[in-house]
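Enquirer: Can you read through this structure? Questions will come right after.
Any read-out appearing in this document is the output of simple, stated calculations on the displayed coordinates, not a laboratory observation. Keep in mind that what you see is a predicted model, and the values were worked out from it rather than measured. Cβ placement follows ideal geometry from the backbone for every residue including glycine, while neighbour counts extend to all protein chains displayed.
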Amino acid sequence: MVTRPELDELVLGLQDRLDLFQGTRRKLNLYLANEFNVFLQYFDPDENAISRVLAILLDPEGVHGQGAVFLDQFLDMIGHPELCAVSGKARVRYQDPATWANGSGLIDITIDMGKFGVGIENKPWAGEQKDQVPRYLEHLRKRYAGFCLVFIDGRGCPPKSISIHEQQALDADGRFKMISYHRELKHWVDACARTSEADKIRWFLRDFASYIERRFVPLEAEGDN
């Protein structure tokens, strides 16, 4: 049985360790600011804000000043490294107008590379609209000789508006790519951070990657809770 004096000594020992930890943390934060993250503490982005961030990073003329390096890494990730040869001339459009047989709408991001176009539909939380993916596919087919529709989902869920069989066939042809936040998108942001020559952009990207890791839980992990 633990005596009261032994318990008091144990508590004092733990308090000393906690004080040491807090002191060390304060010293590290003075130089590294480990606990500061603009996304987690001051900026709670919605779907449109995240799409704007992605569009800025993908733009070879973007204010990040890194040229086409981020776009090249993205093109490689979606299975189109051959487009890196012309990525410097790409035009990135946010909320790009799209048309199809029975109506019109907006694609979150379009990367216009002349005869080839990449459409990006960003779904961090919201579900699809009716026939959304088929409509975007129709639009891209009409506008470009070659295309790829990238579907980014917060939990890694594939779109429901087209069958798995059709997704697989389109993916095999390089015309469709499914991306999850917690896996592919985070890996891309991490890669951008490693290649950025600007400290300001590098730290922004690290905060973005940390936000993705904490905010978006894989679908399989949800099932474990």
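Enquirer: Looking at the range 153-221, which GluC sites (Glu not before Pro) are in a loop (DSSP not H, G, I, E or B) and have at most 14 other Cβ atoms within 10 Å?
Expert: E197
Enquirer: Another question about this same structure. Considering only DSSP beta bridges whose two residues both sit in the range 45-222, what percent are antiparallel, to the nearest 5?
Expert: Working: 14 of 27 bridges.
Around 50 percent of the beta bridges assigned by DSSP in the range 45-222 are antiparallel ones.
Enquirer: Within straight cross-link reach of K89, meaning Cα distance under 23 Å, which lysines are found once same-chain residues fewer than 8 apart are removed?
Expert: Cα-Cα hits under 23 Å: K115, K142, K177.
Enquirer: Placing +1 at every Lys and Arg Cβ and -1 at every Asp and Glu Cβ, with all other atoms neutral, what dipole size does the range 45-222 have around its Cα centre, in debye to the nearest 20? Before the final figure, lay out the partial values.
Expert: Details: 23 positive and 26 negative charges, 50 e Å.
It comes to approximately 240 debye.
Enquirer: Another question, if that's okay. Report the net charge of residues surrounding T99, where surrounding means a beta-carbon distance below 12 angstrom and charges are Lys +1, Arg +1, Asp -1, Glu -1. The partial results should precede the final answer.
Expert: Working: positive: R135, R141, K142, R143; negative: D96, E138.
Combined, the nearby Lys, Arg, Asp and Glu give +2.
Enquirer: Going 7 Å from the Cα of A198 toward and past its Cβ, which residues in the range 73-87 have a backbone nitrogen under 18 Å from where you end up?
Expert: Hits in the range 73-87 for A198 at 18 Å: 73-74.
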